[in-house]
Amino acid sequence: MGGQPERRTQTPLAIRVEGCARTFPDGVRALDRVDLDIRAGETLALLGPSGCGKTTLLRLIAGLDHPDPGGRILFDGEDVTALPIERRRVGMVFQSYALFPNMSVAANVAYGLKIQGMAPDMRRARVTEMLEMMRIAPLADRAIDQLSGGQRQRVALARAIAPRPRLLLLDEPLTALDAKLRDALRVEIDQLLRALGTTALYVTHDQAEAMALGDRVVVMTHGRIAQIGTPYEIYHRPAGRFVADFVGLMNRIRGTLSGDGVRCPGGIVPLAAAGPSHRPAGARRPGDGAPVEIQFRPEDAVVAAPGQGHVRGTVTASFFLGDRVRILVEGVGTTPLTVETGGRIDPLTDATLAAGAPIELRIQSAPLAPEGEA
Amino acid sequence: MTFFTAFWLLPMARLALFAADGREGWAAYLTVVTHPRYFESLVATVLLSAAVTAATLVTGGLSGVFLSRHRFPGRRTLIGLLTLPLAFPGVVVGFLVILLAGRQGLIGALSQSLGGSRIVFAYSMGGLFLGYLYFSIPRVLLTVMAAAEKLDPALEEAARSLGAPPLRILLDILIPGLMPALIGAGALCFATSMGAFGTAFTLATRISVLPMAIYTEFTLFADMAIAAAMSLVLGLLTWAVLALARSATGAGVAAAA
């Protein structure tokens, strides 16, 4: 009894959010009517700036808050809107860790099991299993204030998954940690979520975190969902300016259509650069002279040899970032461009990247949009 | 150091020696704790203070947690009103108790008009209890509110997500989290009740709490030695409670007191 950790895997939970809005008593509308399907077993990342409603949405799904009348939350088709969090069997991980300071590490992890009324020997076995899984077994008897931030969040994860929740909710779990630890723990959380197979909702304002962890990413702004898609779709086919700018950097060149290219102050970008997948399906090609906008990511432009580039501009600044060099270029369009190239050039000694130097760029892949859209 | 000597050491030493200088010498201290009349008033004072502390912690604690958790119109005004007793001297508090539960008091009038007898408890332990409660609650309220606001609301939410019902959250999360503040506020409340004089003086015609007894010894019987001895016993007892509270919470209680 208790020696063999049970390996019962639960069938993952599918969640449906139907028409959920949330207006706070002071009249602030934190969330506009949102519909969302979370597939069984997937990790869904909720991404957006602070105040976009992502935490409100998480709290509605958790049962810590309730939607305005008319909204419904369904767990596997069952309406749980009226159920408080205590009865939803969800695990939560908070930015502030929220560990119980009056209990040891082991007692924190055991708390949910104790509430469930699990027998002491089974409880001990489960706690040991969880601590080993999070690689914090030696810390079992420590007090919470003796732990580092990274250790605390491991304890919080162990505590959340110990009662085998149907859904794991993580609210900015890595935000309080320093960059290196954040990366390490992010990889671990990713492995943990895959190993557990539990449906998980991960709230973050960090696009790198959302892209790395999410099977799908929901980008939110002003209480609305701006886009739902895989990390690749979100990055390369952003559904609007907000998403494009929030998820990485997006360059824009305004120009006019002329023949097979787009004419802009820095030269002509051939239309061939705009891949077919980027053109909205069924959209008619605008005629010559129509104002259009080219969009591309920093890594989609390369520095070309003189005479080989599509457009010409002037370097305003360049920064060595280690793995790459970031170059700011002006004079191509009306707004400055950001271009990135490999890290084997030292901008401090290379005169071609000095401020004021002329530079030519080839744009390799760029979606085309009528001006003002996308 | 000079200040310490001038305002603490010298008066204390004088007080201690004064008690020993009386008819009974150092036995005055013994008398204070063995003589039935003095001992009774000592026990009564301690019991009253303990009861007031307990009642204050429950009411002040509950309302403090509530006020720190909820935002509603008029909240600031309510907190302002609740802390008003801090501004009243003990005599005024005593006067208020008489107005409420005295011979011409509101409670008496009400009970009489309801057909019962006239309820008067202002001049008993009950009245004193009410008066002390009245000026103790604001202190506890403010301390608990400050502590409750610092308590991470995510703690409670984490416990709820693990399935904990409200009572468990109270026992496992809230009370342990507020413990330092509760002990600190409680010790302060106890010390204030032990030494409160104004209210007792206004009300206590028939009760003998320690500060009253000291006053009586001192003025009526002119037994300076016993009065001094009682003062020191009162002081030491209160100080011991504060010290106990301080060791229980780590630090900061005596400083707050």
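Figures for the structure shown
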{"read-out": "Hits in segment A:86-102 (condition: closer than 15 Å to residue A:170 by Cα, in contact (Cβ under 8 Å) with a residue 60 or more places away in the chain and either at the interface with chain B (Cβ under 7 Å from one of its Cβ atoms) or in a loop (DSSP other than H, G, I, E, B) (or both))", "value": "A:89, A:90, A:91, A:92, A:94, A:95, A:96, A:97, A:99"}
{"read-out": "Test: residue in segment A:192-202 that is closer than 13 Å to residue A:48 by Cα and part of a strand (DSSP E or B)", "value": "yes"}
{"read-out": "Residue under evaluation residue A:108, criteria (1) surrounded by fewer than 17 Cβ atoms within 10 Å (Cβ to Cβ); (2) assigned to a helix (DSSP H, G or I), criterion not met", "value": "(1)"}
{"read-out": "Which numbered condition residue A:37 misses (of (1) in contact with a Pro (Cβ under 9 Å, 6 or more places away or on another chain); (2) more than 14 Å from chain B (Cβ to nearest Cβ))", "value": "(1)"}
{"read-out": "Subset of segment A:206-232 (residues that are assigned to a loop (DSSP other than H, G, I, E, B) and in contact with a strand residue (DSSP E or B) (Cβ under 7 Å, 6 or more places away or on another chain))", "value": "A:214, A:215, A:223, A:230"}
{"read-out": "In segment A:46-94, the residues that are buried (at least 20 other Cβ atoms within 10 Å of the Cβ), of a type in the set (Gly, Ala, Ser) and over 22 Å from residue A:159 (Cβ atoms)", "value": "A:48, A:53"}
{"read-out": "Test: residue B:137 is touching a residue at least 12 places away in the same chain (Cβ under 8 Å) and within 14 Å of chain A (Cβ to nearest Cβ)", "value": "no"}
{"read-out": "Failed item, numbered, when residue A:292 is tested on (1) at pLDDT below 85; (2) surrounded by fewer than 19 Cβ atoms within 10 Å (Cβ to Cβ); (3) not small (Gly, Ala, Ser)", "value": "(2)"}
{"read-out": "Test for residue B:130: is it more than 14 Å from every other protein chain (Cβ to nearest Cβ) and more than 18 Å from residue B:59 (Cα to Cα)", "value": "no"}
{"read-out": "Whichever residue in segment B:227-251 is modelled with pLDDT under 75 and hydrophobic (A, V, I, L, M, F, W, C) and, among such residues, is surrounded by the most Cβ atoms within 10 Å (Cβ to Cβ)", "value": "B:248"}
{"read-out": "Sole exception among (1) touching a Lys or Arg at 6+ places or on another chain (Cβ under 8 Å); (2) surrounded by fewer than 24 Cβ atoms within 10 Å (Cβ to Cβ) for residue A:162, by number", "value": "(2)"}
{"read-out": "Residue list for segment B:146-163, restricted to those being buried (at least 22 other Cβ atoms within 10 Å of the Cβ) and either aliphatic (A, V, I, L, M) or more than 9 Å from chain A (Cβ to nearest Cβ) (or both)", "value": "B:155, B:158, B:159, B:162"}
{"read-out": "Verdict on residue A:144 being within 13 Å of another protein chain (Cβ to nearest Cβ) and either closer than 24 Å to residue A:34 by Cα or β-branched (Val, Ile, Thr) (or both)", "value": "yes"}
{"read-out": "Matching residues, segment B:34-67, being over 11 Å from the mean Cα position of the chain (by Cα), of a type in the set (S, T, N, Q) and farther than 19 Å from residue B:236 by Cβ", "value": "B:59, B:63"}
{"read-out": "Filter result for residue B:75 (surrounded by fewer than 13 Cβ atoms within 10 Å (Cβ to Cβ) and more than 30 Å from residue B:155 (Cα to Cα))", "value": "no"}
{"read-out": "The lone exception for residue B:181 - which of (1) within 24 Å of the chain's Cα centre (by Cα); (2) without any contact (Cβ under 8 Å) to a residue 60 or more places away in the chain; (3) surrounded by fewer than 18 Cβ atoms within 10 Å (Cβ to Cβ) it fails", "value": "(3)"}
{"read-out": "Some residue of segment A:66-83 being free of Cβ contacts under 8 Å to residues at least 60 places away in the same chain, at positive phi, in a loop (DSSP other than H, G, I, E, B) and more than 10 Å from chain B (Cβ to nearest Cβ)", "value": "yes"}
{"read-out": "Selection status of residue A:176, under 26 Å from residue A:42 (Cβ atoms) and assigned to a helix (DSSP H, G or I)", "value": "no"}
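Matching residues to (1) surrounded by 12 or more Cβ atoms within 10 Å (Cβ to Cβ); (2) more than 17 Å from residue B:192 (Cα to Cα); (3) modelled with pLDDT of 75 or more:
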| residue | (1), (2), (3) |
| --- | --- |
| B:53 | yes, no, yes |
| B:63 | yes, yes, yes |
| B:67 | yes, yes, yes |
| B:71 | no, yes, yes |
| B:116 | no, yes, no |
| B:125 | yes, no, yes |
| B:128 | yes, no, yes |
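The values are calculated or read from the model by the stated rules, or taken from the named source; none is laboratory data. In this text the structure is predicted, and so the values were computed from the model without any measurement. Note that each Cβ is placed from the backbone with ideal geometry, even for glycine, and that neighbours are counted across all protein chains shown.
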